[in-house]
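Below: one structure, written as C-alpha cells.
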Amino acid sequence: MKRHHIAALALAAAAAATAAPAQAQTSQGVTKDTITLGSIQDLSGPLAGFGKQIRLGMTLRVDEANEQGGVNGRKIKLLVEDSGYDPKRAVLAAQKLVNQDKIFMMVGHLGTAQNMAAMPVQFSKNVINFFPVTAAREMYEPFNRLKYSFAATYYDQIRLSAPHLIKEKNAKKVCTIYQDDEFGLEVLRGGEAALKTLGMEYAEKTSFKRGATDFSSQVAKMKAAGCDFVILGTIIRETIGTIGEARKTGFNPTFLGSSAAYTDLIHKLGGKPMDGLYATMTVQNPYLDEASQPIRFWANKYQTKFNEDPTVFSVYGYTLIDAFIRAAQKAGPNLNTDSFIKAMDTMVIPPDIFGSAEGTFGPQKRLGNNLSRLSQIQDGRWKVVSDYVKP
C-alpha cells in the first residue's frame with residue numbers, strides 16, 4: 001500500500017513538473033490576437049486634466065501600433081478606469097481591471113497614493129506595474145520584479161536642482177509648502193537633502209490637504225518668515241493658488257516646483273502671475289509652434305486626431321506605451337510576464353524627440369534614469385533653462 005502511495009505521489013509530482021512550464025507560458029491578458037492593457041487615471045477629480053491627456057497620448061500610440069499590425073501580430077486593447085484621484089477608488093479600479101478584465105499589465109497609472117494602494121492587488125496576480133505617472137521612489141523601491149518606473153523621482157529632482165538655483169538666486173531663507181501625502185513629502189524630503197548640501201535648513205514648512213483650494217494662511221506664514229525661495233510640493237491648482245495669493249500680497253520669492261507642476265495648465269489657467277515659476281522636468285511640453293520640427297509635427301498630428309492641443313502629460317502617455325511596445329516586441333511572439341521582464345532587463349530606451357534622457361533597465365535596476373532639468377515660465381510658456389543635472 002505504501003509503495004502504491006509513493007508511486008502515485010511520484011506520478012502526481014511528474015505531472016505537476018511537466019505542467020509547470022505550460023503554466024509559465026501563458027499570462028492573463030494575452031491571446032493569439034490581442035494584448036489587453038489596463039490604466040487607472042483621474043478622469044473626474046482634481047487631476048482630471050492630466051488623466052485625460054495621458055489617456056489620449058496612450059490612445060494615439062496604441063492606434064498607431066494597431067494600424068501597423070500590432071505587436072508581433074497582436075493588437076493592443078487599452079482599458080481605462082477612473083480613480084477620481086482617490087486611493088480607495090484606485091483599489092476598486094485595480095480589482096476590476098485585474099480580476100474581471102484580466103489585463104496583462106497596468107500601464108501609466110496616475111498618482112502616488114493611488115499606485116501604492118493598487119499595487120498589492122496587481123502583484124497578487126503577477127501583473128506588472130509599468131511606468132506609472134508619478135515620480136515617487138516607491139514606484140521602484142523596495143525592489144519588486146513587477147515594478148518598472150521611468151520618472152526621475154521628485155526627491156532627486158529637487159535634491160539635484162534646488163542647490164544650483166538657491167545659489168544662483170543667492171537665497172537666504174528657503175521655505176516649502178507641500179501636499180500632506182506621499183507626493184508632497186517626497187518633495188519636502190528632496191528639499192531637505194538639497195539644503196543639507198548647502199549647510200541650510202528650511203526657514204518655514206507649511207502643508208495643505210489633498211484637494212485644498214485656499215492657501216492664504218500658508219502664504220501668510222511663509223511671508224511672515226521672510227522666505228525668499230519657496231519649494232512647491234504642489235500640483236495644478238495648488239501651484240496657481242499659492243503663487244496667485246503670493247503675488248496679490250506683494251510676496252515675490254523664487255518659486256521652484258517639481259515635474260508635477262510642469263504643465264501648460266499652470267500658465268493657461270494662472271495667467272501672467274505664473275511668469276517666473278521654475279519647475280523640474282524631463283520631456284518638453286509640445287507647443288504646436290515649437291521650434292523643433294519633429295515635436296511640431298507630432299503635436300499637430302495629436303491636435304488633428306483629438307481636436308485639442310497636446311501637453312507634456314500627452315507625451316508621457318505616448319512615450320510610455322512606446323516603451324511597452326519596444327519591450328513587448330523584444331519579448332517575441334511568446335509574450336508573458338516572464339518573457340517581458342527578461343526583455344525589459346536588457347532594455348535601453350534612447351532619447352526621444354521630446355528631449356528625454358536615455359533610460360536603461362536591468363535585473364536589479366527598475367528606474368530608467370534619475371535625471372531632470374529646469375524649465376521656467378517666460379511670457380506665458382515653458383522654456384527649458386538648464387541641461388540635465390548630473391548627480
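So the values come out like this:
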| read-out | value |
| --- | --- |
| Ellipsoid semi-axes in whole angstrom, largest first, where each is sqrt(5λ) of the Cα gyration tensor of the range 233-391 | 34, 19, 13 |
| Exposure of I240 as accessible area (Å², to 10), given a probe of 1.4 Å and all protein chains | 30 Å² |
| Highest average packing first - 106-118, 36-48, Cβ atoms within 10 Å | 106-118, 36-48 |
| Cα-based equivalent ellipsoid of the range 50-208: semi-axis lengths in Å, sorted from largest, via gyration tensor | 36, 17, 14 |
| Rg/Rg_globular for the range 331-387, with Rg_globular taken as 2.2 N^0.38 Å and Rg from C-alpha atoms | 1.60 |
| Accessible carbon and sulfur surface of the chain relative to its total accessible area, %, 1.4 Å | 54 percent |
| Residue-by-residue Karplus 3J(HN,Hα) for the range 287-296, coefficients 6.51, -1.76, 1.60, Hz, glycine and proline x | 6, 5, 10, 4, 4, 6, 4, x, 5, 4 |
| Whole-number D in µm²/s for the range 187-318 (Stokes-Einstein; Kirkwood sum over Cα pairs; 10 °C, 1.306 mPa s) | 97 µm²/s |
| Contact order normalised by residue count of the range 242-369, Cα under 8 Å, 6+ apart, percent | 17 percent |
| Percent of Cα-Cα distances greater than 15 Å, calculated over the range 229-294 | 51 percent |
| Where only C-alpha atoms are counted, convex hull volume of the range 131-176 per residue in Å³ | 84 Å³ |
| Amide hydrogen neighbours beyond the local backbone of I128, cut-off 5 Å, H modeled | M106 |
| Inter-centroid distance (Cα atoms) of the range 297-319 relative to the range 142-201, Å | 29 Å |
| Per-residue HN-Hα couplings for the range 356-373 [Karplus 6.51, -1.76, 1.60; θ = phi - 60°; Hz; x = Gly/Pro] | 5, 7, 4, x, 10, 10, x, x, 10, 10, 10, 10, x, 6, 10, 9, 9, 9 |
| Set K172/K248; K102/K147; K32/K301; K125/K342; K248/K272 screened for pairs whose C-alpha atoms are more than 21 Å apart | K172/K248; K32/K301 |
| Only Lys, Arg (+1) and Asp, Glu (-1) charged, at Cβ; the chain dipole about Cα centre in debye | 760 debye |
| The range 107-230 - percent relative contact order, Cα under 8 Å, separation 6 or more | 23 percent |
| Per residue accessible area in Å² of the range 156-226, where ligands, DNA and RNA are left out and the probe is 1.4 Å | 47 Å² |
| Solvent accessible area, Å² - V348, 1.4 Å probe, full protein context | 80 Å² |
| C-alpha long axis of helix 182-197 to longest principal axis of the chain, angle in ° | 60 degrees |
| Residues with amide H under 5 Å from that of T34, placed H, sequence gap 5 or more | K75 |
| With eigenvalues of the C-alpha gyration tensor scaled by 5 and rooted, the range 42-112, Å | 24, 16, 7 |
| The chain: Cα Rg divided by the 2.2 N^0.38 Å rule of thumb | 1.08 |
| Computed over the chain: relative contact order in percent, which uses C-alpha pairs under 8 Å that are six or more apart | 16 percent |
| Order of exposure, largest accessible area first, which applies to T242, T34 with probe 1.4 Å | T34, T242 |
| Principal axes of the range 123-217: Cα extent on each, largest first, Å | 50, 31, 16 |
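The values are calculated or read from the model by the stated rules, or taken from the named source; none is laboratory data. In this text, all values refer to a predicted model and were calculated from it rather than measured experimentally. Virtual Cβ from ideal backbone geometry, glycine too; neighbours counted across all protein chains shown. SASA here: full protein model, heavy atoms, side chains in, ligands and nucleic acids out. Shrake-Rupley method; radii C 1.70, N 1.55, O 1.52, S 1.80 Å.
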